[in-house]
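Okay, so here's the structure we're looking at.
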Amino acid sequence: MARIVLRDLVKTFGAYTAVDGINFEVKDGEFLIMVGPSGCGKTTTLNMISGLETPTSGEIVIGNAVVNDLEPGERGLGMVFQDLALFPHMSVFENIAFGLRVKRVPEDEIRRRVVAAAEAVHIKPLLDKLPRQCSGGESQRVALARTIVTNPSVFLMDEPLSSLDAKLRVDMRTELKGLHRRLGATFVYVTHDQAEAMTMADRIVVMNRGRVEQLGTPLEIYGRPASLFVAGFFGTPTMNFIEGTIEAEGAGRLFRSRAIAHPLPASVPAALAGRSVVLGVRAEHVFVEKEGERRGEVRLTEPLGDATLVFFDCGLPTPLVAKAPPNTPLAPGHALAFRFAPEHCHLFDAVAGTRLN
Ligand SMILES: Nc1ncnc2c1ncn2[C@@H]1O[C@H](COP(=O)(O)OP(=O)(O)OP(=O)(O)O)[C@@H](O)[C@H]1O
Ligand SMILES: [Mg+2]
């Protein structure tokens, strides 16, 4: 069993707390992605799982055993880092074979396993090349094959795609997802790229300042962010945020800011009346048209091809953004009307940032 459990895990460097008491479980065979801004403690957490860093306190369980006191090599893990560190003077074959040679695996078994690992990441034709004769994406696959060949039940990956260009990164996402399915191993993957996390993960752990902000499937995190931080971290363009208060009268619920008022669904608890909140609504849940009640003025439009972003002023300190059809007739200077999809209005506490609805 290759599940991993982190219990009250803490790591301090002198007076600085890099990981501040985190708890979560990675299920056997799961593709779990840790995501968060630079410095939030992702690498430190991964290094504690691998054994490269010693926890200040807390426990790490792999399978059914506490591994805090095991050396990295005794934990049965495979690691892939951002810095590939291939041996430049060795062929791709020898780079992949290296770990097996160290363990004195018989020659015919080495050949068989290297070829199988190379096939898993589609680099069999490259086995006789030197690393410098490989492209960035090919080198990345060599690094993966080098880990696959040791047959770990858990793969730990720290930003393995960050040195690749944008197009290749997108291709490699699909590759990695397929590889995970074929190997059936547990993947723990670190990135600061929200799109990478959304597209590959079974579940995502969102970290911020050494703590876990939310753990959930990509759609849970996108559809019901647990905090303002998570809401702002996921999604392009960034979610619209508006400060205001809640009013409740009978079954009616209203969000009111200085510039606008907007109805909310009756499911918003009446107990929130009078509360200072931040309303969050994604661009795809803001509807704009020429005629209607709530008025604004188009500031600029950004065609994306499959949609057009419409940024508009409506008396708020910052413009709101709506995702409109690509052929929208709206242009800068035009008046427009807007409304939000009430069931997609997210409410957060204005001070604590926690979700309220
Ligand atoms: N050996 C160390 N000594 C002192 N501080 C450290 C050490 N390693 C990490 N830190 C600090 O701990 C915090 C978390 O670092 P970590 O490398 O885990 O961040 P990260 O989430 O991986 O960020 P990035 O996305 O930039 O890689 C950072 O503020 C970093 O400066
Ligand atoms: Mg890091």
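The values are calculated or read from the model by the stated rules, or taken from the named source; none is laboratory data. Since this is a predicted model, take the numbers as computed values, not measurements. Positions of Cβ are generated from backbone atoms using ideal geometry, with glycine treated the same way; all protein chains shown enter the neighbour counts. To get the accessible areas, we keep the full protein, side chains included, count just its heavy atoms, and leave off ligands, DNA and RNA. Shrake-Rupley method; radii C 1.70, N 1.55, O 1.52, S 1.80 Å.
What you get for the chain, charging only the Cβ of Lys and Arg (+1) and of Asp and Glu (-1), is a dipole of about 240 debye around the Cα centre. A simple spin-label model places the labels of Ala270 and Met90 7.1 nm from each other, with each point 7 Å out along Cα-to-Cβ. For Lys290, the aspartates and glutamates whose Cα falls under 19 Å of its own Cα, not counting residues fewer than eight places away in the same chain, are Glu302, Asp313. Electrostatic bookkeeping for Ala270 treats Lys and Arg as +1 and Asp and Glu as -1; over the other residues with beta carbon under 14 Å from its beta carbon, the sum is 0. The length gained on full extension between Thr12 and Glu243, counted as 0.36 nm times the residue separation minus their Cα-Cα distance, comes to 79.6 nm. The mean accessible area for residues of segment 4-233, using a 1.4 Å probe and ignoring ligands and nucleic acids, is 45 Å² per residue. Summing Lys, Arg as +1 and Asp, Glu as -1, what charge do residues with Cβ under 11 Å from the Cβ of Pro329 carry, Pro329 excluded? Around Pro329, the charge tally is 0. Once both axes come from the Cα atoms, what is the angle between helix 107-120 and the longest principal axis of the chain, in degrees from 0 to 90, rounded to 10? It is inclined by approximately 20 degrees. For Phe31, which sequence-distant residues (separation of 5 or more, or a different chain) have an amide H within less than 5 Å of its own amide H, given hydrogens modelled in the peptide plane? When sequence neighbours closer than 5 places are left aside, the close amide H contacts are Phe187, Asp202, Arg203.
Looking at segment 240-349, the accessible area is 50 square angstrom per residue; that uses a 1.4 Å probe and ignores ligands, DNA and RNA.
Using the Cβ-Cβ distance between Asp28 and Glu293 with R0 = 35 Å, the FRET efficiency computed as 1/(1 + (r/R0)^6) comes to roughly 0.10. Given a 1.4 angstrom probe, I'd like the percentage of the accessible area of the chain that is carbon and sulfur, rounded to a whole number. Its accessible area is 52 percent carbon and sulfur atoms.
Computed from Cα positions, the angle between helix 92-102 and the longest principal axis of the chain comes to roughly 70 degrees.
Between Arg224 and Asp313, the contour length at 0.36 nm per residue exceeds the Cα-Cα span by 29.4 nm. Using a simple spin-label model with pseudo-atoms 7 Å out from Cα toward Cβ, Thr354 and Glu59 lie 2.7 nm apart.
Taking the C-alpha atoms only, the angle from helix 166-183 to the longest principal axis of the chain is near 60 degrees.
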